[in-house]
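Please read the structure below before turning to the comments.
Since every read-out is calculated from the coordinates, none of them should be taken as a lab result. Here the structure is a predicted model, which means the values were calculated and not measured. Heads up, the Cβs are rebuilt from the backbone with ideal geometry, glycines too, and the neighbour counts pull from every protein chain shown.
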Amino acid sequence: MKTIVKIFITLILLNAGNLLFAQNAKELMKQSIDNGKFKGIETRSTLKIIDKKGRERIRELYMASKSYDKTNIEKKIILFLAPADVKGTGLLIFDYDKKPDDLWIYMPAIRKTRRIVSSEKKKSFMGSEFSNADMTTSNLDDYSYKLLGSEMVNGTDCWKIESIPVNDDVMESTGYSKQIVYLGKQDKVLRKVVFFDEDDELLKSLTASNIKVVDKSKEKQMAMFMRMENHQNNRKSEIRMNEVKINENLKDEMFSIDFIEKQ
């Protein structure tokens, strides 16, 4: 009888420990997501697309983002500034906290804006190894989390967290069956993500580096360089931040279809 009681207590403690690890992992992810949201921010960046033969294409981008605390919405615009064949292309994103995000793309060649439907979110973002879904912030409750321990990433001690979609709709929308996320223990800033496709095969890996404080008043940090490597087609894409400006006075009118169509 005593043996049965001991086994029962052990099982309870193990289940309690697993629940605590899951809660801790989710809280770490929440801290990371919160760190990446700004009242208002503008950036200018360079997107480099590298094919499997090492040939490069360069894109110059402007991005603005504004968070609305009362409605838990983060709105973003991404505008292509150069070269001429993509200049004027714009992306409008409404990142919601509790429901699927809305994305629209304006194509100047046809002078038309269209909504990016759920099935297109896993597709390439303008020919890069970043997807449309990668341009948005994941909804926290769309995933289950497991703390796998810790690991060093480029000299930074990181939490290693497994992130799995809670249902097939989320997986099909992003194209990822699983992600392994590495967050800096001290700052909760993302350092690396490993992505697995819908067949649970290794697909891509993202590394983030050159972490800098961009909002001193709130001690918010972000990566100045991100590199996405596709392990299935041997292509790579890099985003380098050239300018970052905190601007809490961004006008609401900027985050509209009308605005991106007029740039």
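Listed values, structure above:
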read-out: Length released on extending from Asp34 to Glu151, taking residue separation times 0.36 nm less the Cα-Cα span; value: 39.9 nm
read-out: Folded to 0 to 90 degrees: helix 2-35 orientation relative to the chain principal axis, Cα; value: 20 degrees
read-out: Projected-area average for the chain over all orientations - Cα convex hull basis, square nanometres; value: 16.9 nm²
read-out: Local electrostatic count, Arg227, Cβ distance below 12 Å [Lys/Arg +1, Asp/Glu -1]; value: +4
read-out: Chain lengthening between Asp69 and Lys262 when straightened (0.36 nm per residue, less Cα-Cα); value: 66.7 nm
read-out: Table column - 3J(HN,Hα) (Hz), the stretch 175-190, Karplus curve with 6.51, -1.76, 1.60, x for Gly and Pro; value: x, 10, 8, 6, 9, 10, 10, 10, 10, x, 5, 7, 10, 6, 8, 5
read-out: Paramagnetic reach from Glu201 (point 7 Å along Cα→Cβ, amide N under 19 Å) across the stretch 130-154; value: 130-131
read-out: Among Glu201, Glu120, Glu74, residue whose mean-square fluctuation peaks in a GNM of the chain (springs only between Cα atoms under 10 Å); value: Glu201
read-out: Estimated distance in nm for a label pair at Asp169 and Phe225, the labels positioned 7 Å out from Cα along Cα-to-Cβ; value: 4.1 nm
read-out: Phi-based couplings in Hz for the stretch 107-113 (Karplus 6.51, -1.76, 1.60; Gly and Pro marked x); value: 10, x, 4, 10, 6, 9, 9
read-out: Over the chain: helical MRE at 222 nm, DSSP H runs n ≥ 4 each giving -39500 (n - 2.57), nearest 500; value: -6000 deg cm²/dmol
read-out: Least to most buried among Tyr176, Tyr96, Tyr143 (fewest other Cβ within 10 Å first); value: Tyr96, Tyr143, Tyr176
read-out: Counted charge near Lys146, where neighbours are those whose Cβ lies closer than 11 Å (Asp, Glu -1; Lys, Arg +1); value: +2
read-out: Sum of side-chain charges, Thr136 neighbourhood, beta-carbon under 10 Å (Lys, Arg +1; Asp, Glu -1); value: -3
